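Comments concern the structure below.
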Amino acid sequence: MEVSTSTPPPANLPPPPPSTLVKTLSNVSTTSTVTIDSAFSDSSTSPKSASSKDKGIPPKSPHSLPPLPTINGRSRSLSAESFRKKSSQRFGKRKGLKKSNSESSVVSQISMGSHKPDPQPECERLTRKLRKSVKSLGEKDPAVGEIYTTLGNLHFREGRIHEAISSYKCALECGEGTHSATACLNLGTAYWNQVNVPEAIKYLKDALTAFELGCSRSGASPDVNPEIASCHHQLGLAYALGKEYDLAVYEIESACRMRLAMYGAAHPMTARTLDAAGRIHTLRGEYDHALHCHEQALTVLQGTPHAIATLDNIASAHMGRGDALAAVHIYVEIVQSLKARWHCEITKGYYDRDPRVSQDLADYLHKLADAYRRLRHDAYADHCLDEANMVLMEGGISPYAGQDVD
């Protein structure tokens, strides 16, 4: 089934030029150095963002809008009534994926669908290993705790957050060992992914204390401990979710200093922490300073799976400072980059598709629609929303989340 699109954008606008985001990103120096003082200094002294001219972003004019993303080549109007009828035929009363809490956008959450799960040989292997270890060593042996922690990590990566939390809690019941501090750290991370800030901060602080105590016993320096740096990073994200921005900046600054000392400025871990710092500055309304952090992070993360999240953060900062046109160009590039992966995904069998691919593409189409709406181009925005609905439908997700499909 081909994806249909809505009515094309108004014909009274002349053809827009190609998106200039590629030029924009190429203008960012690949040799820029992450400087902690510039990344976390007071916003009043933060570096001013480059002008639209310097960044290669066109002036705010309807003629500068990039081409609308079209998921498939066909363009066909589809009324709401006929779309609901099609959706009802496929889904009945089935609900779609719920949108994640807006505050949790510090780092993108894993969206989950109600599909038949894929075969999980690694999970089954760990479960068999766990049963044998419990039988031979007992339920409270530290070796069993290690397996529980590994199993929790696997659940977390697959988006099964509740199962991950259960595994981490079982690991904490398996006595003292190297697994306990790691389980605390991962449990805190899982809780802030659920926007459960109090529990997240509680377990992350326990993990930080445990890792610092381990360094004290071994005589190692806590300033070059990767796990301690991770604790500070995750605490910063948790405090940001709780809107305690001063504490969030303090924790992220600590993590960034440690990772800069351990890995250097050109390492992805350092860049991801700097990117998180930029997100916190955006939440505080310090948009120019946020852009400075994100752009430095992007020079390192370009070409990695984390680059799209960084571009999303840059677009959010542009939206915050009122530059919706710059955000449009970025979101168009993100949609185009995700489109190829989505096309590959929908060629698979229905139960073999990963619903997160369709959900991610639809989410960015919604963000693009919001940016167009900010520019008062409602026809462009409606086009993107129709595309998002069709992406969800082709991906096996009802676009009418929380509604009964008549």
* Asked: Would a scan of the stretch 125-140 turn up a residue that is touching a Ser or Thr at 6+ places or on another chain (Cβ under 9 Å) and closer than 23 Å to ALA210 by Cα?
  -> no
* To do: Please give the number of the condition ALA181 fails out of (1) among the small types (Gly, Ala, Ser); (2) within 22 Å of CYS123 (Cβ to Cβ); (3) free of Cβ contacts under 8 Å to residues at least 60 places away in the same chain.
  => (2)
* To do: Take ALA207 and decide whether it is open to solvent by less than 40 Å² (accessible area, probe 1.4 Å) and not in a loop (DSSP other than H, G, I, E, B).
  => yes
* Mind checking which pairs have a first residue in the stretch 372-384 that is outside any loop (DSSP other than H, G, I, E, B) and a second that is surrounded by fewer than 17 Cβ atoms within 10 Å (Cβ to Cβ), Cβ under 7 Å, 6 or more apart or different chains? -> ALA379/PRO10; ALA381/ARG373
* To do: Go through the stretch 128-166 and give me each residue that's closer than 25 Å to VAL357 by Cβ and not in a helix (DSSP H, G or I).
  => GLU158, GLY159, ARG160
* Structure fact -> Checked against (1) open to solvent by less than 20 Å² (accessible area, probe 1.4 Å); (2) assigned to a helix (DSSP H, G or I); (3) closer than 27 Å to GLU139 by Cα, LYS202 satisfies every condition except (1)
* Asked: Here are some residues: ILE334, ILE346. Which one is open to solvent by less than 50 Å² (accessible area, probe 1.4 Å), over 16 Å from the mean Cα position of the chain (by Cα) and touching a residue at least 24 places away in the same chain (Cβ under 8 Å)?
  -> ILE346
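The values are calculated or read from the model by the stated rules, or taken from the named source; none is laboratory data. None of the values given here were measured: they were computed from a predicted structure. Neighbour counts run over all protein chains shown; Cβ positions are idealised from the backbone, glycine included. Surface accessibility is based on the protein's heavy atoms, side chains included, excluding ligands, DNA and RNA. Shrake-Rupley method; radii C 1.70, N 1.55, O 1.52, S 1.80 Å.
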